[in-house]
Amino acid sequence: MANVTFFNRELSWIEFNARVLNQALKKDIPLLERLSFLSIVSSNFDEFFQVRVAAAKRLLVSNPETIDCSGLTPLQLLSSISDRCHDLIKKQQLCLTEEILPELKNNGFEYIRPETYSPLQKEFLQTYFRSVIFPLLTPLRTDTQAFPHIINLNLYAAFLLKPISGIKTDSEIFKGDDDAPRIAFVEIPGKISSVIWLPSENENLRQFTLLDDIVQTFGTLLFPGFSVQESLLFKVVRDADFAVDEDAGPDFINAMENVLIQRKSSFPVQLLYSGRSDTILSFLQEKLELDEDDIYKIDGIISVSKLNEIRSADGTEKLCFEKWEHFYPSDLPEDEPYWDSLKLNDKILHVPYESYDPVVKLLNDAAKDPDVLAIKMTLYRTGRDSPIIAALERAAQNGKQVVVLVELKARFDEERNIAWATELENAGATVIYGLVNLKVHAKILMVIRREGDSVRRYVHLSTGNYNTKTARLYSDLSLFTANQEIANDATQFFNLVTGYSTLQKMNLLGMAPVTLKSNIISMIEREIERSTKDHPGLIIAKMNNLTHTEVISALYKASQAGVKILLNIRGICMLIPGVKGLSENISVISVVDRYLEHSRIFYFQNGNSPQLYLSSADWMNRNLDRRIELMFPVLEKKSFEEVKTILDSYFKDNQNAHRLTSTGEWREITRQKNEEKFSAQEALYKKYKKRFEKSEKSHDFEFKVRRK
């Protein structure tokens, strides 16, 4: 450790997923929320293996002697990843099988495994299989020259077959290699319900099984003349870390579509399976060319997320978090446009505690306002059935100039973004397909409105995506403003990313990869210069990930100069805190709770003139060096105090927080003896609820006239 000044990026991410798993292990969290955290662990791992593990495997082939900044070679890294992931996936499955499923039964919902189906249930399921499932199944033989195509992330049942003695089958005509085992694959259908409710002989229990169990149990009906000797369920995770050809020019969309095709059939990086068949497992391992470290035995349910369908059943409300509302901001009018309000004051919006409706309303008002001349915005991830897209289409159809920069390279949202881009163009909008070699990750919206003899610009800047669905689940901050200096910078930004423009100095906005990194480092260095023994400097920052070695080195330098540094890092942290002579003045915590922490907030004490910023960017190489990002200041006093209070609350949490040690261990922060319980998210929710209720009471007040 003495010569290593950075934690490994991938291993740090795995520890973030361990903190997510830790939430599932907490018995004081409602049962179906614990199940939800377990499914998040699985989906997180799927993406991690598709992207980060795949990249490490490619590096092992191309440059096996490479040593990263944490001191690991690709082989050492992959070995460490496998060890820790096997450990966490085993803990996940134990939590599911030994805690969640038994507790579900105690609460009236019982998972029935195939070996315990009652005669009545078997009869019901056989009928259901023949009428609903059977027509959707396509058995794939494996003794042909071409190995069947196994689609990335899809679940399959595999069967080892043996001809029934004395029965001649049509398959003898196509028998293939006599020495090859007769193994068939069947893809589990993805378009029908995964949870199948069963007739129950216990009136106090609602019993269910899973679609994959049914296929595995009754799959023998797919192979007349054969008996099933062994079977198992499996899922293959493939490399999805593809880069589009940036020089594709007019064929860029076709190039993106090719990336999506490649992703479905790229090289395998992981195999997860349940069941017992050494023959099938060896066959899969050989054909997929996987090492032992790449194979994960699941002693339970492979696709944990399928169990979330139980939430739709009656009587499950008590097994979920108490519903939290999304309050409409008290300082924005619901029944009139915001133009006049924003001329007076900026507005900070904090979702999901506050409703995302104001963002949609701003666009809807702009779409129908005859004085609005133009709308310009960036889109990274927007979600399905987006009211944002609908408002932009209406604006274009109403004759507004609508310019939208749609980032087609947003990983795993490429297909949806291609569809949105086409739809917007058909409505009459001008669509820009991102920039060559740079992802546009900035979140900005500008409305240009005619007011009298001039025009006024209204700007919205955000730490999170223009996605109404995730705005109910992710904690993000955004700024509505009519500040003309910010509007001038916003205009320069759009000119730069949509056309040709020399780099102009922005007065208030920081933009990556141009000025954002240098601005951050210079503010850290300024904190060093203004720090004294009696009045040490102070940096407080909240973000998703911290991996940029230049920024980390600047923070180490600040710590050595006596600057106090408080970091709230949700996910990856390569900085090593608490090392004497290096980082003893740096503290790192992480909060994982019911909402995903997504906002980026940066506070610099700056002597007696503190500054506060919000940003779309984490302090990562990809954000600061390879993406178009924006950092924007919080200028007005009321907004400043609001955001600073939000930031401070995360460092008080003693219910859902962990602290990072210099050894890389994340230790759960527990409440001290005389300390009150404090959950940052719960405290924030109560604050916004109280504010909303106070506003409602003031609206209900009526003047009463005394009469004779």
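The values are calculated or read from the model by the stated rules, or taken from the named source; none is laboratory data. The structure presented is a predicted model; accordingly, all values stated were derived computationally and were not measured. Because the Cβ atoms are built from the backbone with ideal geometry, glycine has one as well, and the counts that use them run over all protein chains shown. All accessible areas refer to the heavy atoms of the entire protein, side chains included, with ligands and DNA or RNA removed. Shrake-Rupley method; radii C 1.70, N 1.55, O 1.52, S 1.80 Å.
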* Structure fact -> Filtering the stretch 584-603 for residues that are without any contact (Cβ under 8 Å) to a residue 60 or more places away in the chain and part of a loop (DSSP other than H, G, I, E, B) leaves a count of 2
* Structure fact -> Looking across the stretch 363-384 at residues that are part of a helix (DSSP H, G or I) and among the charged types (D, E, K, R), the single one that is farthest from the chain's Cα centre (by Cα) is LYS368
* **Matching residues in the stretch 60-74 - criterion: being assigned to a helix (DSSP H, G or I) and either under 17 Å from PHE7 (Cα atoms) or open to solvent by 70 Å² or more (accessible area, probe 1.4 Å) (or both)** => VAL61, SER62, PRO74
* Report, by residue number, each residue of the stretch 186-230 that is over 19 Å from GLU115 (Cβ atoms), of a type in the set (S, T, N, Q) and open to solvent by 20 Å² or more (accessible area, probe 1.4 Å). => SER193, ASN204
* Quick one: is ARG526 over 33 Å from the mean Cα position of the chain (by Cα) and in contact (Cβ under 8 Å) with a residue 60 or more places away in the chain? -> yes
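Of the residues GLU696, GLU668, GLU642, GLU675, only one is acidic (Asp, Glu), open to solvent by less than 80 Å² (accessible area, probe 1.4 Å) and over 23 Å from LEU332 (Cβ atoms); which? Step through it out loud before you land on a result.
Details: GLU696 fails: over 23 Å from LEU332 (Cβ atoms); GLU668 fails: open to solvent by less than 80 Å² (accessible area, probe 1.4 Å); GLU642 fails: over 23 Å from LEU332 (Cβ atoms).
Only one candidate qualifies: GLU675.
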* Across the stretch 394-415, what is the number of residues that are crowded, with 18+ Cβ neighbours inside 10 Å and at pLDDT below 95? -> 9
* **Residue list for the stretch 157-202, restricted to those being modelled with pLDDT under 95, more than 16 Å from LEU221 (Cα to Cα) and not in a loop (DSSP other than H, G, I, E, B)** => GLU172, ILE173, PHE174
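For the stretch 345-359, what are the residues that are open to solvent by less than 20 Å² (accessible area, probe 1.4 Å) and either more than 22 Å from HIS598 (Cα to Cα) or in a helix (DSSP H, G or I) (or both)? Please lay out each step first, then the result.
Pass one, the stretch 345-359, residues open to solvent by less than 20 Å² (accessible area, probe 1.4 Å): 347-355, 358-359.
If the condition is that a residue be open to solvent by less than 20 Å² (accessible area, probe 1.4 Å) and either more than 22 Å from HIS598 (Cα to Cα) or in a helix (DSSP H, G or I) (or both), then PRO358, VAL359 are the ones that fit.
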* Would you please list the contacts, defined by Cβ atoms under 7 Å and residues six or more apart or on different chains, that run from a residue in the stretch 535-561 that is of a type in the set (Lys, Arg) to a residue that is open to solvent by 20 Å² or more (accessible area, probe 1.4 Å)? => LYS557/ILE528
* Failed condition for ARG52, given (1) within 27 Å of GLU668 (Cα to Cα); (2) open to solvent by less than 30 Å² (accessible area, probe 1.4 Å), with all others met? -> (2)
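When you scan the stretch 293-314, how many residues do you find that are open to solvent by 30 Å² or more (accessible area, probe 1.4 Å) and either under 21 Å from ILE196 (Cα atoms) or not acidic (Asp, Glu) (or both)?
The first filter runs over the stretch 293-314 and keeps only residues open to solvent by 30 Å² or more (accessible area, probe 1.4 Å), leaving 293, 297, 299, 305-306, 308-309, 311-312, 314.
Applying the additional criterion that residues be either under 21 Å from ILE196 (Cα atoms) or not acidic (Asp, Glu) (or both) yields 297, 299, 305-306, 308-309, 311-312, 314.
Looking only at that region, the number is 9.
Please determine, by comparing only the residues of the stretch 292-304 that are at pLDDT 95 or above and not in a strand (DSSP E or B), which one is farthest from ILE183 (Cα to Cα).
Among residues in the stretch 292-304 that are at pLDDT 95 or above and not in a strand (DSSP E or B), the one farthest from ILE183 (Cα to Cα) is VAL304.
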* **Failed item in (1) of a type outside the set (A, V, I, L, M, F, W, C); (2) modelled with pLDDT of 95 or more; (3) open to solvent by 10 Å² or more (accessible area, probe 1.4 Å), with SER82 passing the rest** => (3)
* Asked: Inside the stretch 532-544, can you point out the residues that are open to solvent by 20 Å² or more (accessible area, probe 1.4 Å) and assigned to a loop (DSSP other than H, G, I, E, B)?
  -> THR532, LYS533, ASP534, HIS535, PRO536
* Structure fact -> Those residues of the stretch 553-579 that are part of a helix (DSSP H, G or I) and closer than 11 Å to ILE589 by Cα come to a total of 0
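Applying the selection to the stretch 327-344, what residues are in a loop (DSSP other than H, G, I, E, B), under 29 Å from the mean Cα position of the chain (by Cα) and crowded, with 19+ Cβ neighbours inside 10 Å? Walk me through how you get there before you give the answer.
Initial filter on the stretch 327-344 (in a loop (DSSP other than H, G, I, E, B)): 328-338.
Next, only the ones that are under 29 Å from the mean Cα position of the chain (by Cα) stay: 328-329.
Matches in the stretch 327-344: PRO329 only.
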